[in-house]
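The values are calculated or read from the model by the stated rules, or taken from the named source; none is laboratory data. Owing to the predicted nature of the structure, the values given are computational and were not obtained by experimental measurement. Please note: Cβ atoms are built from the backbone with ideal geometry, for glycine as well, and neighbour counts cover all protein chains shown.
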Amino acid sequence: MEGVIARRRISVEPAAASVRAAEPQPKMRNALPLPRGRSGLTARARPAEMLSSGWRPLALTLASLVVAFVTAAGSATASPSAGERRIASYCSPSGDVCYGVFNRGGQIILRITTAARYFQRYTLCVTRLPRGTNPEHAQRCGWFPLFGQSGSTWGSSVNYARQFVGPVAHPFTPLSGRYRVTWRNVCSACPSAERRHSDGGSPLGPSLFFRLPLRR
């Protein structure tokens, strides 16, 4: 089950993390022919013969492929859950980090999924475009934790209306318009008092966009 973030107050602030590249897999080597017996027929190679001949690289290659398959099975995804419709999404080239904007029964859900716990928290910034200094167009950022998901994956889902609408000098009802969402690393160089709401961390990838009101 995905963790839903408890409501917290997000303040208004004025205004890239790299993911691991997929490691290249070793190329398969041709296996050596089996030894021939006295009768001229091909005989079964004994384990010692396999290890002393060219079978060792083949065995290691097969083991590497198994590890690669298990790793791929734990990759992050940006697929919608039951009852959701995907509005926009992004996955890193390696598939280690994915995030997206989803419509869940008329509610905007902002979700991130990672193949492992690469960080404990991340920063999420939402802006009603065009960005401005007035409350209706100010960028609002907050940090959120990751929760364990199935297998080795981690993730977090944020309800936009609950986290970014009101009460700090901001409309309590989502306004119509185009919105920009950016997932970022937490700003490690920022003072601790400003870190929670800072957009100083490097982005995890490109920004995504959604428009309100949602189309039915």
Boolean, TRP143 is in contact with a Leu (Cβ under 6 Å, 6 or more places away or on another chain) and either closer than 27 Å to SER94 by Cα or modelled with pLDDT under 95 (or both)
no
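Just one of ARG162, ARG184, ARG216 is at pLDDT 95 or above and either out of contact with any Cys (no Cβ under 9 Å at 6 or more places or on another chain) or not in a loop (DSSP other than H, G, I, E, B) (or both); which is it? Walk me through it before giving the result.
Numbers: ARG162 fails: at pLDDT 95 or above; ARG216 fails: at pLDDT 95 or above.
ARG184 is the lone residue from the list that is at pLDDT 95 or above and either out of contact with any Cys (no Cβ under 9 Å at 6 or more places or on another chain) or not in a loop (DSSP other than H, G, I, E, B) (or both).
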Before we move on, is ARG117 in contact with a helix residue (DSSP H, G or I) (Cβ under 6 Å, 6 or more places away or on another chain) and not hydrophobic (A, V, I, L, M, F, W, C)?
no
So GLY201 fits all but one of (1) among the small types (Gly, Ala, Ser); (2) within 24 Å of SER94 (Cβ to Cβ); (3) part of a strand (DSSP E or B); what number is the exception?
(3)
Hits in the stretch 96-137 (condition: small (Gly, Ala, Ser) and surrounded by fewer than 19 Cβ atoms within 10 Å (Cβ to Cβ)):
GLY105, GLY106, ALA116, GLY132
